[in-house]
Amino acid sequence: VTAGPDPKSEPERGLYLYGIAPKGAVLTRSVEGVDPTSSASLLELDRVDAIVSEVSLDEFGPEALKTNLNELGWLEACARAHEKVLEEAVDARAILPARLATVYSGAHELRRLLEPQTEAFATQLEELDGKREWGVKAFVADAELVGWLEATDDDVRALRTAGEPGGEGAAYLARKKYEMHVRARAADVKAQYAEATHAALIRHADRAQLNPLLRGTLATSDDDLILNGAYLVARPREEGFLATARELEAGRQTLGMRLEVTGPWPPYNFVTPIGEVG
Amino acid sequence: MSNGLMRPQQQVTLVELVDRILDKGVVLSGDITLAVADVDLVQVGLRALLSSVAATERERAPGTQPRGNRPIS
């Protein structure tokens, strides 16, 4: 048992950056930061404001981050708090979201590192003014698609029944031929769906970004992901965008297609990685 | 219409969120984060997520085939 004050009782504090907002942005309410002992606030910079909160460097210092980011519970809590601040703490015409875990030792260091870039931030914010990001994933359930092909595609139906009277070898070959044909037709139809879906959605969007089709462990569904798009949509056009998404899904539901729409998101997919330049 | 459209934010999967927050957005260097420039923190986080999702899937569906090997019908 030690006596006297613990020299470490006052942990060092740092500043966590959530994103950049244009001048005129206001705090709407108090939202807990990634370190729940502090809530988010705006820090004035030259042409823009930084959305920040204080964090304990016991938890967000370099060594601690290496460990903490490896713990899924910590990572999830941090990611959700980060997103919540961007969604709920600030009323702004646009926000440049920062990546997770961007930490400064204080307001002085943050200003020193960000002031040279505020002109570029302001330009990007003007381009993003009044626009939000929506995510659209299109999935196809193979079993339903194959059922539809068998019901509607003459070639598929013919191959399905071919070779039935023959011997075992002929039946095997016929089966193989059928499977190859179905697979090729299914791939064609999926490519068509993906292209048509993207083309219909992009008519309502200012910009679009096609992301890799997540497979294996990162896949969120057993169905086949055929489109993973992000769309930057101006607010007055959001209604049309979402209505189109609903129509697309309704039109192809019997064919095993499903759309997953998420958002609105801060424009994660549409910011230029300024920090990587220079 | 499936209930996949317009799901509440709480139900947005962690994957969807982390995919954006770790992989996208403005990349800026905080001086504290710079101090660990030898380790790509984003990669650390993604690895943690990947191994955890993989483990969950193994628990949830023991013995299932990888997607690519599943018969088509």
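The values are calculated or read from the model by the stated rules, or taken from the named source; none is laboratory data. A quick note: this is a predicted structure, and the numbers were derived from the prediction, not measured. Cβ coordinates were reconstructed from backbone atoms using ideal geometry, including for glycine residues, and neighbour counts include every protein chain displayed. The protein model used for the area step is the full one, side chains on, heavy atoms only, and it has no ligands, DNA or RNA in it. Shrake-Rupley method; radii C 1.70, N 1.55, O 1.52, S 1.80 Å.
General observations
- Where A:Tyr16 falls short, out of the listed (1) surrounded by fewer than 16 Cβ atoms within 10 Å (Cβ to Cβ); (2) within 13 Å of chain B (Cβ to nearest Cβ); (3) under 23 Å from B:Leu22 (Cα atoms): (1)
- In the range A:60-83, the residues that are open to solvent by 60 Å² or more (accessible area, probe 1.4 Å), at pLDDT 90 or above and either of a type in the set (Gly, Ala, Ser) or farther than 20 Å from A:Ile95 by Cα (or both): A:Ala77
- Complete set of residues in the range A:52-91 that are touching a Pro at 6+ places or on another chain (Cβ under 6 Å) and not in a helix (DSSP H, G or I): A:Ser56
- Selection status of A:Ala21, closer than 19 Å to A:Pro267 by Cβ, outside any strand (DSSP E or B), open to solvent by less than 20 Å² (accessible area, probe 1.4 Å) and touching a residue at least 60 places away in the same chain (Cβ under 8 Å): no
- Qualifying residue in the range A:222-232 (condition: closer than 20 Å to A:Thr254 by Cα, within 9 Å of another protein chain (Cβ to nearest Cβ), loosely packed, with under 14 Cβ neighbours inside 10 Å and at pLDDT below 85): yes
- Residue count for the range A:129-180, restricted to those that are assigned to a loop (DSSP other than H, G, I, E, B) and either loosely packed, with under 13 Cβ neighbours inside 10 Å or of a type in the set (Asp, Glu) (or both): 7
- From the options A:Val85, A:Val31, residue that is out of contact with any helix residue (DSSP H, G or I) (no Cβ under 9 Å at 6 or more places or on another chain), more than 10 Å from chain B (Cβ to nearest Cβ) and of a type outside the set (S, T, N, Q): A:Val85
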